[in-house]
Amino acid sequence: MGAGNVRFSVEIVPRDPLWRTCIYAMMVDRLGFDTIWLSDHFFNRNVFLTTAVIAKWTSRCLLGPAVVNPYVIHPAIIAQSIATLEEIAPKRLIMAIGAGDETSLARLCIKRENPVDRVRESIHAIRRLLAGEELTSHDSILCFSSAKLETKTAGDVPIYVGAQGKRMLIMSASHADGVLINWTDLDRLSEAIKTIKPIISSRKGFDIGAHLIISIHEDIAKARKTAIPFAAYLMAGSNNALLSEIGVSDEERNLVRRLLISGDWDRLYSVARDEWIRVFSFYGTMVELRDFIDELLNQGFTHIVFGGPWGPRPRSALLSIAKLVSELKPNMGRD
Amino acid sequence: MLSRGKRALLEELLEIVLASVNPSLVRDEVGWELAHLIRERKLHTERGYRTVLKAAMSCEPEKTKKILRRYRRVGRR
């Protein structure tokens with residue numbers, strides 16, 4: 001498949017001081033990427049406030065808070081935030097919602113119950129609220145009583161789902177406008193796309209995104225080291241079935257979790273194993289990244305999201321990724 | 001306009017500022033000034049150089065001094 005209609009986007013984690021996030025956002029905007037996805041974790045900068053600031057520092061890219069979590073933020077507040085952002089940056093909003101990882105939710109004493117139902121009901125509630133509808137619902141998943149936004153409507157903001165598991169993928173394909181599949185290894189991405197393709201065959205325009213964790217450098221050891229904390233974070237938040245499948249014991253996961261929370265990076269680097277680093281991240285050279293992206297395009301992905309850390313030299317890595325994308329998609333709009 | 005050497009030095013210092021794990025050591029006024037200069041496409045000026053240098057010295061003083069020493073050596077040749 002050619003890359004002409006494929007979207008190439010960048011995920012920015014609002015962990016840095018805002019001035020640095022704005023610099024990266026300007027870079028991404030000027031380099032011609034399609035979307036800036038901004039990740040949402042309670043311990044980083046607030047995703048909606050950051051999106052509002054970024055909107056004023058960029059002019060072209062779509063802006064997507066992602067993946068916002070309906071356990072942490074009530075869907076009505078998500079809809080309110082999106083409607084307000086749409087007013088700040090008209091026609092530039094997109095969003096993704098997902099059930100999040102157990103590690104982060106546990107730190108807020110939130111149980112991740114009925115994740116697929118919760119995300120599905122949230123999609124519908126957000127969509128209806130953005131369209132200006134009044135909601136009343138007293139089911140066990142979400143509760144509304146004459147809830148209605150008094151903001152401008154923003155019913156055409158696309159809603160994606162951040163998904164990994166089979167049930168979440170199937171639900172996304174049926175109810176969302178697109179999916180961001182949170183895997184970075186080819187086998188799992190391939191399985192995921194096989195799961196959703198039969199469902200989306202009748203849904204024109206459904207966007208299939210691979211949300212990748214990327215670390216590139218010509219020195220592979222440096223690329224690997226940079227990828228480890230990101231892969232570790234994802235590994236530590238994964239469910240037991242997956243961990244068992246990739247040969248990670250409870251003991252190993254708990255150790256990694258402790259090292260992440262305490263910020264003991266040297267110890268983390270020494271215990272990290274390729275068996276799980278490779279499942280949750282891509283690290284390597286630009287040539288290897290090119291082969292990897294080609295394979296994803298062949299599989300039918302229509303949206304590639306380059307998530308951080310990008311590499312030990314993130315600015316250079318971003319410039320190299322933009323060059324790669326411009327080779328794949330020569331008409332990519334640049335500033 | 002900056003000389004070619006100083007422009008290359010600025011690029012290297014900017015890389016340091018954007019890769020540093022200590023960005024919070026950069027004072028917000030300096031960080032925002034840097035962002036404004038980039039937005040206004042005025043980074044490659046004397047003011048831009050001074051701002052990037054200030055930011056780099058704040059977050060990665062040792063790396064910055066090392067780079068400055070290297071450029072001074074090259075400049076003397």
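Buried surface for the B/A pair, taken as the accessible area of each chain alone minus that of the pair with a 1.4 Å probe, is close to 1800 Å² in total. When you filter the trypsin sites (Lys or Arg not before Pro) in region A:60-95 for DSSP loop state and at most 11 other Cβ atoms inside 10 Å of their Cβ, you are left with A:LYS91. Shown in residue order for region A:305-311 are the 3J(HN,Hα) couplings computed by the Karplus curve 6.51 cos²θ - 1.76 cosθ + 1.60 at θ = phi - 60°: 10, 8, x, x, x, 6, x Hz (x for Gly and Pro).
For A:LYS329, a cut-off of 14 angstrom between C-alpha atoms picks up these aspartates and glutamates, skipping any fewer than 8 places away in its own chain: A:ASP34, A:ASP294. The mean sequence separation of alpha-carbon pairs under 8 Å and at least six residues apart, normalised by the residue count of chain A, gives a relative contact order of 20 percent.
The order of the peptides A:296-302, A:195-201 by mean Cβ neighbours within 10 Å, most packed first, is A:296-302, A:195-201. Considering only A:TYR160, A:TYR283, A:TYR269, give the residue with the highest GNM mean-square fluctuation for chain A, with springs between Cα atoms whenever their separation is below 10 Å. The residue that fluctuates most here is A:TYR269.
Please find, in a Gaussian network model of chain B (springs between Cα atoms separated by less than 10 Å), the residue of B:ARG47, B:ARG39, B:ARG27 whose mean-square fluctuation is greatest. So, out of B:ARG47, B:ARG39, B:ARG27, the one fluctuating most is B:ARG39. From helices alone, the protein assembly as shown scores -17000 deg cm²/dmol at 222 nm; the rule is -39500 (n - 2.57) for each run of n ≥ 4 DSSP H residues, then divide by the residue total. D by Stokes-Einstein for the protein assembly as shown, Kirkwood Rh over Cα pairs, 4 °C, 1.567 mPa s: 58 µm²/s.
Straight-line reach from A:LYS148: which lysines fall under 26 Å, measuring Cα to Cα and dropping same-chain residues less than 8 apart? Filter leaves A:LYS91.
Charging the Cβ of each Asp and Glu at -1 and of each Lys and Arg at +1, and nothing else, the dipole of the protein assembly as shown about its Cα centre rounds to 1960 debye. Each residue of region A:265-280 was assigned a 3J(HN,Hα) from its phi angle through the Karplus curve 6.51 cos²θ - 1.76 cosθ + 1.60 (θ = phi - 60°); the sequence is 5, 4, 5, 4, 4, 6, 9, 5, 10, 4, 4, 9, 4, 5, 6, 9 Hz, with glycine and proline shown as x. All alpha carbon pair distances within region A:16-99 were sorted into 5 Å bins beginning at 0; the resulting P(r) in whole percents reads 3, 16, 29, 26, 17, 8, 1. Label sites at A:GLU251 and A:HIS138, each approximated as a point 7 angstrom past Cα along Cα to Cβ, lie 5.2 nm apart.
Across all Cα pairs in region B:1-73, the calculated P(r) in 10 Å bins from zero up to the longest distance comes to 22, 56, 21, 0 percent per bin.
Please list, ordered by chain and number, the residues whose modelled amide H lies under 5 Å from the amide H of A:ARG7; skip anything fewer than 5 residues away on the same chain. Correct list: A:HIS303, A:ILE304. Pairs exceeding a 21 Å alpha-carbon distance, out of B:LYS6/B:LYS65; A:LYS204/A:LYS323; A:LYS222/B:LYS42; A:LYS111/A:LYS194; A:LYS222/B:LYS6: A:LYS204/A:LYS323; A:LYS222/B:LYS42; A:LYS111/A:LYS194; A:LYS222/B:LYS6.
Gaussian network model of chain A, Cα springs within a sub-10 Å range: biggest mean-square fluctuation belongs to which of A:ALA227, A:ALA76, A:ALA147? It is A:ALA147. Could you give the nm distance between label points at A:LEU49 and A:ILE170, where each point is 7 Å from its Cα heading toward the beta carbon? That separation, rounded to one decimal, is 4.1 nm. Put simply, the amide H of A:GLY162, placed in the peptide plane, has neighbours under 5 Å in A:ILE97, A:GLY98, A:LEU180, leaving out anything fewer than 5 places away on its chain. Farthest toward the positive end of the dipole of region A:190-335, out of A:ALA223, A:PRO314, A:MET286, is the Cα of A:PRO314, where the dipole comes from beta carbon charges about the Cα centre. Note on exposure: A:TRP183, A:TRP276, A:TRP265 ranked by accessible area (1.4 Å probe, complete protein assembly) read A:TRP265, A:TRP183, A:TRP276, with the most exposed listed first.
Scaling the Cα radius of gyration of region A:178-335 by the globular reference 2.2 N^0.38 Å produces a ratio of 1.10.
Taking all protein chains as shown and a probe of 1.4 angstrom, A:LYS323 keeps an accessible surface of around 120 Å². Normalised by 2.2 N^0.38 Å, where N is the number of residues, the C-alpha radius of gyration of region A:219-284 stands at 1.02. Of all DSSP beta bridges confined to chain A, the antiparallel ones make up roughly 10%. Using all pairs of distinct alpha-carbon atoms, the Kirkwood hydrodynamic radius of region A:110-165 works out to 12.4 angstrom.
A Förster distance of 35 Å, applied to the separation of the beta-carbon atoms of A:HIS74 and B:ALA8, puts the FRET efficiency at 0.10.
The accessible surface of region A:149-262, taken with every protein chain in place and a 1.4 Å probe, is 51 percent carbon and sulfur. Run the reach check for A:LYS225 against aspartates and glutamates, Cα to Cα strictly under 19 Å, same-chain hits fewer than 8 apart removed. What comes back? Here the aspartates and glutamates satisfying the reach criterion relative to A:LYS225 are A:ASP185, A:GLU252, A:ASP264, A:ASP266, A:ASP274, A:GLU275, A:GLU288, B:GLU15.
The values are calculated or read from the model by the stated rules, or taken from the named source; none is laboratory data. Just so you know, these numbers come straight off a predicted model, no measurement behind them. Because the Cβ atoms are built from the backbone with ideal geometry, glycine has one as well, and the counts that use them run over all protein chains shown. Just so you know, the surface numbers come from the protein's heavy atoms only, side chains and all, with ligands and any DNA or RNA stripped out. Shrake-Rupley method; radii C 1.70, N 1.55, O 1.52, S 1.80 Å.
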